[in-house]
1. Taking into account only those residues within segment A:40-59 that are closer than 15 Å to B:Cys165 by Cβ, more than 7 Å from chain B (Cβ to nearest Cβ) and not basic (Lys, Arg), which is surrounded by the most Cβ atoms within 10 Å (Cβ to Cβ)?
2. Identify the single condition in (1) closer than 19 Å to B:Gly149 by Cα; (2) in contact with a helix residue (DSSP H, G or I) (Cβ under 8 Å, 6 or more places away or on another chain); (3) among the charged types (D, E, K, R); (4) surrounded by fewer than 16 Cβ atoms within 10 Å (Cβ to Cβ) that B:Glu289 does not satisfy, given that it satisfies every other one.
3. Listed residues B:Leu284, B:Leu276; which is of a type outside the set (Val, Ile, Thr), modelled with pLDDT of 80 or more, farther than 30 Å from B:Pro133 by Cβ and assigned by TED's automatic domain parsing to the domain that holds B:Arg327?
4. Does any residue of segment A:26-34 turn out to be in contact with a Gly (Cβ under 9 Å, 6 or more places away or on another chain) and in a helix (DSSP H, G or I)?
5. I'd like to verify a number: residues in segment A:1-24 that are at pLDDT below 80 and over 25 Å from A:Glu51 (Cβ atoms), how many?
6. From the list B:Leu392, B:Leu398, exactly one residue is modelled with pLDDT under 70, in a helix (DSSP H, G or I) and surrounded by 14 or more Cβ atoms within 10 Å (Cβ to Cβ). Which is it?
7. Exactly one condition in (1) part of a loop (DSSP other than H, G, I, E, B); (2) at pLDDT 80 or above; (3) not basic (Lys, Arg) is false for B:Leu437; which is it?
8. Which members of segment B:94-123 meet the condition of being part of a strand (DSSP E or B) and at pLDDT 90 or above?
Amino acid sequence: MELNFEEALAKLEAIVETLESAELTLDAALETFEEGIQLSRLCTKKLEEAEIRVQKLLATEDGDFETEPFEVPSVDQG
Amino acid sequence: MSFRTIYTVSDITDSITEILASVPGLHDVWIQGEISNFRRPSSGHLYLTLKDAASQISCVMFRNRATHLRFLPHDGDSVFVHGYISVYKKAGQYQIIVDKMEAAGVGVLQQAFERLKASLAAEGLFDEAHKRPLPRIPRRIGVVTSATGAALRDILNILHRRFPCIDVLVYPVLVQGDGAAPQIAGAIRDFNRWSNVDVLIVGRGGGSIEDLWPFNEEIVARSIFASHIPVISAVGHEIDFTLADYVADVRAPTPSAAAELVVPDQSELHRRIRELDQRLTMHLMRRIERARTRIIHLNQKLDVHRKLGDIQQMQQTLDMLAMRAHRAIRACASREHQRLLLSRTRLEHVSPLSQLQEAHKYARRLQEQLVHRILQRLSEERSKMEKVLLQLDGLSPLGILERGYSICLDSNGKPILHADQVDLGEILQIRLARGQLSCHVFQIHGDEKHGVEL
């Protein structure tokens, strides 16, 4: 499953930490670098493609819940 | 003897009840007075005496009406009560059956609020120790507010602008008037049962103290306290705090402010990603640099012949790694470029063009710097390496032999440096650039002249 933004960012941060602190072989360092670049690309993509999704939460009669798309109505109250 | 009509106690009480019930003005009456002898037994009905300087009257407020009270009455409170006059037959007392009670003036409401606040504080509902931290980047945000209020629109606008990578779940509730508080509390409970959001915003836009009152009610305060999900209170009232504000994990002065608190700003996140990119690149370069230094160091230790081969190999590896790095950094930089092109179309109507151009320029400068830096390092490194190789060539014994010198070895294979190391008649080995000779010593000349016989 593809990472969400927060996971991707956290992983990218961890990778930078590793690259900065661990004694990696050159090959491993380059692999880590490339993985980091992939993640940073993913983060940026997530930020740019995202659309806020608004739903309404409804309690059903049997005590369960369901959601339905929510259109923001015009304002008429505080 | 006159005729006497005898009533039973119940009959006469019934008659009195009927008489009282037949007076229209007593069905529907508002009375002002001060509360005394207030009692609230476990049945939930409220009993109190309403009095003024000269008189007093008993009152009952049954539980089904009492739950709608905006405040918990208290002895000494000045109130208006509404209801009808009735008789409590068992005690032979008339009393008022109260269906509405209002505080006479904000003072009473304020006092009731202060009392409730003090008691909740004493219980620890406001303690810092109970405050839950907000998630750094929430995925799903629950919003408990009016579906039609400006508060919801403000929240959605800000979220859309700052950080659109989220789902928002709206739970529409009444936010003022009777019944608002139970709905707000119920929504918070439902979110906790459903438990699929990372954080809750509970609030409404600004209004009078009466409008905001549901957020001062105990049931709302307790539902916020009981929530496992962190709660941001967002009651649009900058000056006074509601009880919801005291109990909430974070208090925002307005719904807009809550939205700003709950998500990071996406331009900050873009900056953060760029910074991480730069750190990645810098540390990869540093790592390559260290490898080079190490090769040069090893160079001086290793056997000359092996060294030549190793260095060539390592150099090749290094070149390949550097090329890979170069490619990766170029890709990264061109992605930056594309990202900016994308952002431009997205941002054109919300962001000043000049800011975008600045960012664009910055990215290009960054890209140029990176590429320039890598190319520069590669060429420095290559010339360093060539210099080392030239030096090594000069030092190699093979190089010396190529120039016409020979090496003379004794029977143990040790090089001979002085004539007095050999005896007449001894057989020596002479190594040439190509092949070697076995020679017989027939004369020794000390330091000056020398001769060998084949």
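The values are calculated or read from the model by the stated rules, or taken from the named source; none is laboratory data. This is a predicted model, so every value here is computed, not measured. Here Cβ is always computed from backbone atoms with ideal geometry, including for glycine, and neighbour counts include all displayed protein chains.
1. A:Leu42
2. Condition (1) is where B:Glu289 drops out.
3. B:Leu284
4. No, that holds for no residue.
5. Adding up the residues that qualify gives 3.
6. B:Leu392
7. For B:Leu437, the exception is condition (1).
8. Passing the criteria: B:Tyr94, B:Gln95, B:Ile96, B:Ile97, B:Val98, B:Asp99, B:Lys100, B:Met101.
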